[in-house]
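What follows is one structure encoded as structure tokens, with my remarks underneath.
What follows draws every value from the coordinates through simple rules; no lab data is involved. Predicted model only: the values in this text are computed from it and were never measured. Counting neighbours? That spans all protein chains shown, and the Cβs are built from the backbone with ideal geometry, glycine included.
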2 protein chains.
Amino acid sequence: MPGRPARRRTSVTDVAAAAGVSLGTVSNVLNRPERVSAATRERVERAMVELGFVRNEGARALRAGQSRTIAYVMLDAGNPFFTDVAQGIEDAAEAADLSLFLCNSDNRPDREAKHLAHLQQQRVQGILVTPVDPGADVLDTIARHGTPLVIVDRIRHDGAFCSVAVDDVLGGRLAVEHLVDRGHRRVAFVGGPLSIGQVRDRYDGALAAWTDAGLPPEDLVVVPTRTLTVAEGRSAGEQLAALPGPRRPTAAFCANDLLALGLLQQSTGSGRRVPGELAIVGYDDIEFAAAAAVPLTSVRQPRQELGAMAADLVLDEATNPAHAHRQVTFTPELVARASTLG
Amino acid sequence: MPGRPARRRTSVTDVAAAAGVSLGTVSNVLNRPERVSAATRERVERAMVELGFVRNEGARALRAGQSRTIAYVMLDAGNPFFTDVAQGIEDAAEAADLSLFLCNSDNRPDREAKHLAHLQQQRVQGILVTPVDPGADVLDTIARHGTPLVIVDRIRHDGAFCSVAVDDVLGGRLAVEHLVDRGHRRVAFVGGPLSIGQVRDRYDGALAAWTDAGLPPEDLVVVPTRTLTVAEGRSAGEQLAALPGPRRPTAAFCANDLLALGLLQQSTGSGRRVPGELAIVGYDDIEFAAAAAVPLTSVRQPRQELGAMAADLVLDEATNPAHAHRQVTFTPELVARASTLG
DNA sequence: TTGTAAGCGTTATCAG
DNA sequence: CTGATAACGCTTACAA
């Protein structure tokens, strides 16, 4: 078995030599084939195949001064919400003939910073990011250095970047209005930490709807969580179960679907009927929400549209000299299912 | 509000001019700082900050002849199994001081091919891929052109690449042995198409265990699916429910967890008790498996280890002249939970 | 210790 | 329509 192919790859020069033309002609075949006679072109193309020529994108970008790549730095690749957003970006990128690279910060600021630095060194055309902290200085630094950057699913209130997000205050409202409509008068808000803008907004919307309905604020019980994960949802369920009967909420609004699924599992697993004894509303409407054993009522965000819009915005910033930053907000929608409709 | 920063970014030359040194010195500050006097170095570093210098990785790689990036082309970013594999790769890559780009083929051969082509044009150090079709010619083409390539979670039987996978025949065995142990004498295998190597192997292992137990092959009923998704799991549930009582299996082994979750949901949703009337075993042990309303018995694959090993293999192929292709196989493990333990 | 110059692979310009 | 040449930003001998 022979070793790997030699270290140096074949270049336009090699192709030119093999085809008996100058390298300018090879470049023309690549970039303006119409300027080359059919015969020559064919000879060059044959040489390319024979030599296994692969264009060096780095050199090309170096010369051109810009690349054909954008990137999305995800907050949590394990959360289906973000992979759906990524899907939307991918489709938009494909339509614009751009390639998309995905990176996962996994909620870690250090990893996020590393990815961002690497991407700007790669001179990608633009960066989409769902940041750990939308206020973080790294983001400004990237933008200041000239790489277009769009914030996805978060808002930066100073308008320093384009951003696309969903109206989470409204989403929180929808969830609680639904529960109030179904007759619940003691409801838990499960989620945290409130320092996350999303969580804060959903809570604010929830509280607004609650008081608008004339209900006492103390009957909207906050069950704080450390993260937005299934495991934390389970432990929230234990906390709820520990409350004395009269103080125990008859419904819970969870800040995302992972929490809701954890809560659902803990509840049914320990014998509480859902929605009979505890109604549950999630947030995001990920695929697993509908697929849960008790299909989950959830607030749906237009995930793919979110991604597609973000892609359009970076592209505009990268190519349109008259670009102005925009904050685009989408409207969420409540999807009622069995977990509240018993 | 001023427009974006000027098109041209500051280069080593600019930094050199600003710091009053030659560009060679700037490069030394970047690459062999010990060769530069402290005073000069500091002057250069200050200039870098002031000018907002960002190293151009494309140019660097061009000159160096190699990049510090590897990539993983995922089969389905929406399947938590693959994001966990990616997590393992990311950790290994970080340890080796490499950056990882993720791409998602979304089960589409055309998208896979596009990503692979783009990556080899980017001259990444190596490519990890879970291919739509491990036998596809594109893979050979990549390798022939000199980019190290490792197949993840699939096997290429001709040994043309390194690969890491899990012993799926054994996994299938474990699942069915467990069910037989629990007394089941009529079992469904839910999964398909059998043209997918994984599915085929799991089925073969299941059948082997079944006949080894002295049970008649026709009592291991195949319920074919078109894809490995939650939706197909649900429709498999409907097919099972439609079978006349005596012909209806008392347990199902699903080719992955998404199918199992769909089946679980359809079953409990239509009033069948799990595991009382139908025991269910999944495959992959994704996080949602344990979090399902009836926690799912599943065959666990060492996902992170799979990813980490794959990263080690590409790295070896990229850097070790004596590299020889290896097929690494991991051993799966059955995790028994409520869905079979009633 | 610092500076100079060549070259990585590509593309665009401009003269033939 | 073709071919020589410069330039993109960086690294690395090698010279000063």
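In this structure, B:Asn107 and B:Ser270 have a Cβ-Cβ separation that, at R0 = 35 Å, corresponds to a calculated FRET efficiency of about 0.75. Ordered from longest to shortest, the equivalent ellipsoid semi-axes for segment B:255-298 are 16, 9, 9 Å, each the square root of 5 times a Cα gyration tensor eigenvalue. Restricting attention to chain B, close to 10% of DSSP beta bridges with both partner residues there are antiparallel.
Can you pull the percent of Cα pairs in segment A:58-164 with separation above 20 Å? Tail fraction, whole percent: 36. One quarter of the surface of the convex hull around the alpha-carbon atoms of segment A:12-55 equals 2.5 nm², the direction-averaged projected area. Peptide B:95-101 shows a mean partner chain C-beta count of 4 within 10 Å per residue C-beta. Panel note: the C-alpha atoms of the protein assembly as shown, placed on their principal axes, show extents of 77, 67, 51 Å (largest first). Each Lys and Arg Cβ is given +1 and each Asp and Glu Cβ -1; about its Cα centre, segment B:22-138 then shows a dipole of about 840 debye. For segment A:109-180, the orientation-averaged shadow of the C-alpha convex hull comes to 5.6 nm² (one quarter of the hull surface).
Extending 7 Å from the Cα toward the beta-carbon at both A:Val49 and A:Asp97 defines two label points whose distance is 2.3 nm. Given in Å, the Rg to one decimal and the Dmax to the nearest whole number for the Cα atoms of segment B:155-308 are 15.0, 50. Distance distribution P(r), segment B:13-121, all Cα-Cα pairs, bin width 5 angstrom from 0: 2, 11, 15, 14, 13, 11, 10, 9, 8, 5, 2, 0 percent. Placing +1 on each Lys and Arg Cβ and -1 on each Asp and Glu Cβ, with no other charges, gives segment A:12-55 a dipole about its Cα centre of roughly 120 debye.
Please report how far the C-alpha centroid of segment A:106-150 lies from that of segment A:220-274, rounded to the nearest whole angstrom. The distance from the Cα centre of segment A:106-150 to that of segment A:220-274 comes to 35 Å. Counting every other Cβ atom within 10 Å of each residue's Cβ, A:Phe189, A:Phe53 order from fewest to most as A:Phe53, A:Phe189. With a Förster radius of 56 Å, plug the Cβ-Cβ distance of A:Glu277 and B:Asp133 into 1/(1 + (r/R0)^6) and report the FRET value to the nearest 0.05. The formula returns an efficiency of 0.70 here. Considering only A:Asp153, A:Asp181, A:Asp168, the mean-square fluctuation computed in a Gaussian network model of chain A, springs between alpha carbons under 10 angstrom, is largest for A:Asp181.
Were the residues from B:Ala336 through B:Ala64 laid out at 0.36 nm apart, the gain over their Cα-Cα distance would be 92.8 nm. Please work out, to two decimal places, the log10 of the ratio I(q)/I(0) at q = 0.06, 0.07, 0.09, 0.10 Å⁻¹ from a Debye calculation in which every Cα of chain B carries one identical scatterer. Result of the Debye calculation: -0.32, -0.41, -0.60, -0.69. Bridges between two residues of the protein assembly as shown, per DSSP, are antiparallel at a rate of about 10%. Selection among A:Val49, A:Pro33, A:Val15 by position relative to the dipole of segment A:12-55 gives A:Pro33 as farthest towards the positive end (Cβ unit charges, Cα centre).
Between amide H atoms placed 1.01 Å from N, distances below 5 Å from B:Phe189 occur with B:Val221, B:Val222, B:Val223, B:Phe253, all of them 5 or more places distant or on a separate chain. In this assembly of identical copies, the label point of A:Glu94 (Cα plus 7 Å along Cα-to-Cβ) is separated from its counterparts by 3.0 nm, sorted shortest first. Close amide-amide hydrogen proximity is noted between A:Arg154 and A:Val164, each under 5 Å apart and 5 or more residues distant or on a separate chain (H modeled in the peptide plane; Pro and chain starts excluded).
Taking segment A:86-116 and a reference point 7 angstrom along Cα→Cβ of B:Lys114, the backbone N atoms nearer than 19 Å belong to A:86-103.
Size estimate for segment A:300-340 follows the Kirkwood approach: the inverse of mean 1/r over distinct Cα pairs works out to 12.3 Å.
Evaluated with a Cβ-only charge set (Lys, Arg +1; Asp, Glu -1), chain A carries a dipole of roughly 1080 debye about its Cα centre, given to the nearest 20.
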